[in-house]
Amino acid sequence: MGYGQKIEKKIIYIKFEKTEKCNELLKFYYQEEKGIVLTFFCSGGNSFLYKSKSDTLPISKIAKYKISTFEEIEILEKQWRKKSKKALIKKYGKLYPPFDKNGIFQTYLIEIISDKQFVIYPVKWRNLEIESDGEEPPKR
C-alpha cells in the first residue's frame, strides 16, 4: 500500500455448497433483518445476509470466479491486516478501530442452481467477533 492509497476491500467468492467440513447448509428469509440468511454449518459456522440484487449467470462463466475456502479467507484476512496496518495507523492513529470481515472483504456467495446456471449473491458476514491484529495496544 503506497502513499495516498486508500484502504481497499478484497473481493472474495465463496461457493454455497456442502463440503466435507461443512456438511449442512441452510437458506431462509429472516424478517428481522429483512433479507435472506445463508448459513454453512462447519466447525466455526459461517452465516451471511443477502439483501440486494443477485445475478444469474450461465454456468460457462463460473470459471472466471476464484472460489475461496474458509481456511484461505483466514489467511487473506491476516495478510490484509498486515498489509493495511500502516495505512490504518496513518488514517486513524495508533488506536485505529478493529475491522471485521465486512470491513476487510467484499463478499459474494456463488450458488449453482442448475447444470446451466449459477447465482451470485452480494452478502454481509453475520455474527462476527472482531479480531485484533494480535498486538497489544500502545501504552499511554
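The values are calculated or read from the model by the stated rules, or taken from the named source; none is laboratory data. Note that the structure is predicted; figures quoted are calculated from it, not measured. Counting neighbours? That spans all protein chains shown, and the Cβs are built from the backbone with ideal geometry, glycine included.
Exactly one residue out of L26, L38 is under 18 Å from the mean Cα position of the chain (by Cα), exposed (fewer than 15 other Cβ atoms within 10 Å of the Cβ), part of a strand (DSSP E or B) and at pLDDT below 85: that is L26. Does Y108 satisfy being among the hydroxyl-bearing types (S, T, Y), in a loop (DSSP other than H, G, I, E, B) and surrounded by 15 or more Cβ atoms within 10 Å (Cβ to Cβ)? Spelling it out, it is not the case that Y108 is among the hydroxyl-bearing types (S, T, Y), in a loop (DSSP other than H, G, I, E, B) and surrounded by 15 or more Cβ atoms within 10 Å (Cβ to Cβ). Out of curiosity, is K51 free of Cβ contacts under 8 Å to residues at least 40 places away in the same chain and either over 24 Å from N127 (Cα atoms) or out of contact with any Cys (no Cβ under 7 Å at 6 or more places or on another chain) (or both)? For K51, the condition - free of Cβ contacts under 8 Å to residues at least 40 places away in the same chain and either over 24 Å from N127 (Cα atoms) or out of contact with any Cys (no Cβ under 7 Å at 6 or more places or on another chain) (or both) - is not met.
Residue check: is L49 closer than 28 Å to V119 by Cα and part of a strand (DSSP E or B)? Spelling it out, L49 is indeed closer than 28 Å to V119 by Cα and part of a strand (DSSP E or B).
Taken together, the criteria exclude Y65 from residues that are under 30 Å from K91 (Cα atoms) and in contact with a strand residue (DSSP E or B) (Cβ under 6 Å, 6 or more places away or on another chain). All of (1) among the small types (G, A, S); (2) within 17 Å of R126 (Cβ to Cβ); (3) surrounded by 12 or more Cβ atoms within 10 Å (Cβ to Cβ) hold for S68 with one exception: (2).
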